[in-house]
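Written out below as structure tokens is the structure these notes cover.
The values are calculated or read from the model by the stated rules, or taken from the named source; none is laboratory data. For clarity, every value in this text was computed on a predicted model and none was experimentally measured. Using ideal geometry, Cβ is built from the backbone for each residue, glycine included, and neighbour counts are taken over all protein chains shown.
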Amino acid sequence: MFAVHLMAFYFSKLKEDQIKKVDRFLYHMRLSDDTLLDIMRRFRAEMEKGLAKDTNPTAAVKMLPTFVRAIPDGSENGEFLSLDLGGSKFRVLKVQVAEEGKRHVQMESQFYPTPNEIIRGNGTELFEYVADCLADFMKTKDLKHKKLPLGLTFSFPCRQTKLEEGVLLSWTKKFKARGVQDTDVVSRLTKAMRRHKDMDVDILAVVNDTVGTMMTCAYDDPYCEVGVIIGTGTNACYMEDMSNIDLVEGDEGRMCINTEWGAFGDDGALEDIRTEFDRELDLGSLNPGKQMFEKMISGLYLGELVRLILLKMAKAGLLFGGEKSSALHTKGKIETRHVAAMEKYKEGLANTREILVDLGLEPSEADCIAVQHVCTIVSFRSANLCAAALAAILTRLQENKKVERLRTTVGVDGTLYKIHPQYPKRLHKVVRKLVPSCDVRFLLSESGSTKGAAMVTAVASRVQAQRKQIDKVLALFRLTREQLVDVQAKMRAELEYGLKKKSHGLATVRMLPTYVCGLPDGTEKGKFLALDLGGTNFRVLLVKIRSGRRSVRMYNKIFAIPLGIMQGTGEELFDHIVQCIADFLDYMGLKGASLPLGFTFSFPCRQMSIDKGTLIGWTKGFKATDCEGEDVVDMLREAIKRRNEFDLDIVAVVNDTVGTMMTCGYEDPNCEIGLIAGTGSNMCYMEDMRNIEMVEGDEGKMCINTEWGGFGDNGCIDDIRTRYDTEVDEGSLNPGKQSDRLALLQVRTILQQLGLDSTCEDSIVVKEVCGAVSRRAAQLCGAGLAAIVEKRREDQGLEHLRITVGVDGTLYKLHPHFSRILQETVKELAPRCDVTFMLSEDGSGKGAALITAVAKRLQQAQKEN
Ligand code: 0WK
Ligand code: 0WK
Ligand code: BGC
């Protein structure tokens, strides 16, 4: 018994000494917690650099967008081919995702060798070899007759602008085929596959193995948003917020970023922790100066690092009594599987002896202990470095989500992680130490990254199918130049048609005389009340005009028009309007005032004079009874009488387009057109009296309210109307009327038709649909306007017309692109007209007051004559 204890003491002392000896020799390889935290910070800085547009080109860690925008949601299904190239093994697979709706994946696979002459030979031959293996697999599995989508897992740094394209930035690990760098590996492989005439395969996606691994694990655990490979090479990916990815358009949702952390330190950022062994290994590698981080971590290099250390220690007489074998001098003689074997808990030491003997050495017990510890230090450093970079990614996710505690899952794969007995435990432990506020689950990918690649392909084919459907629908909203020119011509014809006495009554573009015959000339003065009804808001205004240009002061109050009033009785509506006037006069301390009033009434009214307006038909959600066919000025007067509280002189009723033109005309005398693009849409313009056959007289001009909303009610633009327009029309309050309404209702209807519920992808589609609908709206508006300005140019016999359009309406004001597209369309279709668009800051109420002032001035002048 004493002997056993003596032996045990002797052995532990021996062990201790050897460990100390190795610790001293490899002092630089032992990284303290502070150093790891520092590396974590450095890696975070590298991530920011890679994500930012201006620093990405010089960034070592490239942070490559993968165009994988979502993890599997269980709706993926179908049969796919999958290739897994770049890891230690090359595999071809057939993947069946979700049969009969069951969330289940079935895989059949075949490994194929990757001989050096192929992976370090000519690039074209490499892809032809891959295509041949695929062909062989399909033959074996009797798939040649099938058209199948393929997902390619290609485990090298590739720049992507879309899912089905990957431009190789540089080879890593054991690969170095010529002529592939900077080329798209998808088109290279597609070209090679085309040699097999009986093969009909489309590559729908190319993914990095980290991405495939994340997707594979996310299929089982929706928390998985990080993928890590610790194998021949090493790398990680994670789901980043689109708003942080400068290199890709759009801010909505997330996208998976392939960090390519293997290159961390390629710009010298890790020189302080790299050792002489790292430098020696790098010089002897296939890609010196590249993949510095990877060369301190991954399986392809770990064994070699150990060999270089053992060789140096032997040369220093610290091992094997200074003996060296030719095997110990031979590069690659010690592999990661050896390191893993030597670190096995129980049989580690025995394995070490066996391996050293196989290397032609005669190791002592002490040597074995020392060598085993060398392995531990090297693999521990690997796990520590991995943990530091992974911790940096986790803190980033935590910040993106703005959460106190992050709950997440990391999908992992790779031989080193799988076969090394201590590696997973060490990695998990250090990660949890570095990021204590993260609850991290590590999920080993059982079925490799190809299952994930098939998921990405399934999503890609689903998105592709949807894309086709969406394109088909949105194509209906894309108007060609020819179609716009046609709309312009048809609008022009309708304008002319509406001005003709004999056809005026039948015209769908009603061309309503407004009895506004002149723009204000600056002599207007006085206090006026104005009402502004028909847009988004009902406003009551007090407008003070002082003679001499641009001196107008306005006070206004916005009142709501409840739906019940909008669609109640006419009496209720006008009583409500008068109630608002009373509240306003009260609010302004003008109780019992007697003021001239201008009434902006934004609905089609037939006028026989400036102060008469018969409502032709309600639009825009209004449907009050007993109004259509009635004079709205009379109805207002009766309501004021009913209230019997104040006396107002309703001098003018004007359409909001006319009010808008006047408001802008007060600033710019060139403004002879008023345009509304808001809840509804309409346009008015100053027409030569000689062209207005419905009104006596040929001198001067009069403003015509076109009511172009009715354009197409006679079916003249049915060729561009879509079934969505019809559906909206049928669902509207006035079916068959106002067919080219610019409402966004179509967007919602289309979405329902497409059966989309709101995912990130959907929001992108939503945006696209909105874009298509509003673009068409702006173009149609532009075509209509081009028709009017061209008419004005021709009417005046001008080579070139300069004119201003006064504009108002929430759509024009708020929509990000509407005004630009409208202006571009007018420029395109009416190149001989120089059109200035002037946004009406004060609304049409001011215009109505100015018209009232002009009418009062003219009345005054008539009285004096
Ligand atoms: C298995 C995955 C493959 C990946 C490999 C990495 O299916 O995509 O490249 O793991 O590990 P390695 O084989 O390099 O050890
Ligand atoms: C503001 C004008 C008003 C007009 C409205 C149209 O003052 O007369 O009806 O613009 O825009 P909407 O409010 O319908 O978007
Ligand atoms: C490649 C990565 C790959 C990793 C793991 C690295 O050498 O650059 O793209 O993900 O190895 O296979």
ask   = Which residues, taken from segment 383-396, are within 13 Å of TRP261 (Cβ to Cβ) and among the small types (Gly, Ala, Ser)?
value = ALA387, ALA388, ALA389, ALA391, ALA392
remark   = Of VAL339, VAL357, the only residue that is in a helix (DSSP H, G or I), touching a Pro at 6+ places or on another chain (Cβ under 8 Å) and not basic (Lys, Arg) is VAL357
request  = Would you check if PHE601 is modelled with pLDDT of 95 or more and away from ligand 3 (no atom under 16 Å from the Cβ)?
outcome  = yes
request  = Can you tell me which residue among THR172, THR216, THR210 is surrounded by 21 or more Cβ atoms within 10 Å (Cβ to Cβ), at pLDDT below 95 and among the β-branched types (Val, Ile, Thr)?
outcome  = THR216
ask   = Taking segment 475-490 only, how many residues are in a helix (DSSP H, G or I) and closer than 15 Å to ALA778 by Cβ?
value = 5
query = Out of segment 207-232, which residues are touching a strand residue (DSSP E or B) at 6+ places or on another chain (Cβ under 6 Å), within 21 Å of ALA458 (Cα to Cα) and within 12 Å of ligand 1 (Cβ to nearest atom)?
reply = VAL207, ASN208, ASP209, THR210, VAL211, GLY212, THR213, MET214, CYS217, GLY227
query = Does LEU143 meet the test of being of a type outside the set (Ser, Thr, Tyr), at pLDDT 95 or above and in the same structural domain as ARG462 (by the TED database)?
reply = no
query = Across segment 609-655, what is the total count of residues that are without any contact (Cβ under 8 Å) to a residue 40 or more places away in the chain and assigned to a strand (DSSP E or B)?
reply = 3
For GLY845: the one exception among (1) within 16 Å of ligand 2 (Cβ to nearest atom); (2) touching a Lys or Arg at 6+ places or on another chain (Cβ under 6 Å); (3) at pLDDT 95 or above = (3)
ask   = If you go through segment 400-418 one residue at a time, do you hit one that is farther than 19 Å from ARG69 by Cβ, within 16 Å of ligand 1 (Cβ to nearest atom) and either modelled with pLDDT under 95 or surrounded by fewer than 16 Cβ atoms within 10 Å (Cβ to Cβ) (or both)?
value = no
task = Scan segment 756-776 and give yes if some residue there is in contact with an Asp or Glu (Cβ under 9 Å, 6 or more places away or on another chain) and surrounded by 24 or more Cβ atoms within 10 Å (Cβ to Cβ), otherwise no.
result = no
ask   = Could you list, in sequence order, the residues of segment 178-197 that are over 16 Å from LEU134 (Cβ atoms) and surrounded by fewer than 18 Cβ atoms within 10 Å (Cβ to Cβ)?
value = ARG178, GLY179, GLN181, ASP182, THR183
ask   = Which condition number in (1) over 20 Å from THR35 (Cα atoms); (2) away from ligand 3 (no atom under 16 Å from the Cβ) is the one that LEU444 fails?
value = (2)
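Among the helices (runs of 4 or more DSSP H) lying completely within segment 778-865, list those that include at least 3 residues that are assigned by the TED database to the domain that holds LEU531, more than 30 Å from LEU479 (Cα to Cα) and more than 16 Å from ligand 1 (Cβ to nearest atom). Can you show your working first?
Values: elements: 810-814, 818-829, 843-864.
Counting at least 3 such residues, we get 843-864.
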query = Wholly within segment 27-122, which strands (runs of 3 or more DSSP E) include no fewer than the required count, namely at least 1 residues that are of a type in the set (Asp, Glu), closer than 24 Å to PRO157 by Cβ and away from ligand 2 (no atom under 16 Å from the Cβ)?
reply = 78-85
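Across segment 838-865, what is the number of residues that are surrounded by fewer than 19 Cβ atoms within 10 Å (Cβ to Cβ) and within 30 Å of THR810 (Cβ to Cβ)? Before you say what the answer is, go through the steps one by one.
Initial filter on segment 838-865 (surrounded by fewer than 19 Cβ atoms within 10 Å (Cβ to Cβ)): 839, 841, 857-865.
Right, trim to within 30 Å of THR810 (Cβ to Cβ) and you get 839, 841.
Counting residues in segment 838-865 that are surrounded by fewer than 19 Cβ atoms within 10 Å (Cβ to Cβ) and within 30 Å of THR810 (Cβ to Cβ) gives 2.
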message = Out of SER449, SER503, SER437, I need the residue that is within 16 Å of ligand 3 (Cβ to nearest atom), at negative phi and out of contact with any Leu (no Cβ under 6 Å at 6 or more places or on another chain). Which one?
response = SER449
note = Wholly inside segment 501-598, strands (runs of 3 or more DSSP E) that include 1 or more residues that are buried (at least 18 other Cβ atoms within 10 Å of the Cβ) and charged (D, E, K, R) are 526-533, 538-545
ask   = If you take the residues in segment 193-238 that are away from ligand 3 (no atom under 16 Å from the Cβ) and touching a Cys at 6+ places or on another chain (Cβ under 8 Å), which one is farthest from MET292 (Cα to Cα)?
value = ALA218
ask   = Residues in segment 383-407 that are in contact with a helix residue (DSSP H, G or I) (Cβ under 6 Å, 6 or more places away or on another chain) and among the polar types (S, T, N, Q): how many?
value = 1
inquiry  = Would you confirm, using the coordinates I've provided, whether MET255 is within 32 Å of the chain's Cα centre (by Cα) and surrounded by fewer than 24 Cβ atoms within 10 Å (Cβ to Cβ)?
reply    = yes
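In segment 239-284, what count of residues is obtained for those that are within 16 Å of ligand 1 (Cβ to nearest atom) and farther than 27 Å from VAL68 by Cβ?
Count: 0.
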query = In segment 195-239, how many are closer than 24 Å to GLU79 by Cβ and of a type in the set (A, V, I, L, M)?
reply = 11
ask   = Do we have ARG91 as more than 30 Å from ILE245 (Cβ to Cβ), of a type outside the set (A, V, I, L, M, F, W, C) and outside the structural domain of VAL371 (by the TED database) here?
value = yes
inquiry  = Could you list, ordered by first residue, the pairs with Cβ atoms under 8 Å in which the first is in segment 115-132 and within 13 Å of VAL185 (Cβ to Cβ) and the second is of a type in the set (Val, Ile, Thr) and part of a helix (DSSP H, G or I), at least 6 apart or interchain?
reply    = LEU126/ILE118; LEU126/ILE119; PHE127/VAL185
query = Do any residues in segment 505-519 that are among the small types (Gly, Ala, Ser) have Cβ atoms under 7 Å from those of residues that are surrounded by fewer than 20 Cβ atoms within 10 Å (Cβ to Cβ), where the two are at least six apart or on different chains, and which pairs are they?
reply = ALA507/TYR497
message = Looking at segment 145-180 only, could you name the residues that are within 15 Å of ligand 1 (Cβ to nearest atom) and assigned to a loop (DSSP other than H, G, I, E, B)?
response = SER155, PHE156, PRO157, GLY166, TRP171, THR172, LYS173, LYS174, PHE175
message = Given (1) under 30 Å from VAL769 (Cβ atoms); (2) at pLDDT below 95, identify the lone condition not met by ALA489.
response = (2)
remark   = Of (1) among the aromatic types (Phe, Trp, Tyr); (2) in contact with an Asp or Glu (Cβ under 9 Å, 6 or more places away or on another chain); (3) over 15 Å from VAL651 (Cβ atoms), TYR515 fails just (3)
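This table checks each residue for (1) closer than 17 Å to VAL61 by Cα; (2) assigned to a loop (DSSP other than H, G, I, E, B); (3) modelled with pLDDT under 95.
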| residue | (1), (2), (3) |
| --- | --- |
| GLY265 | yes, yes, no |
| ASP272 | no, yes, no |
| GLU280 | no, no, no |
| PHE293 | yes, no, no |
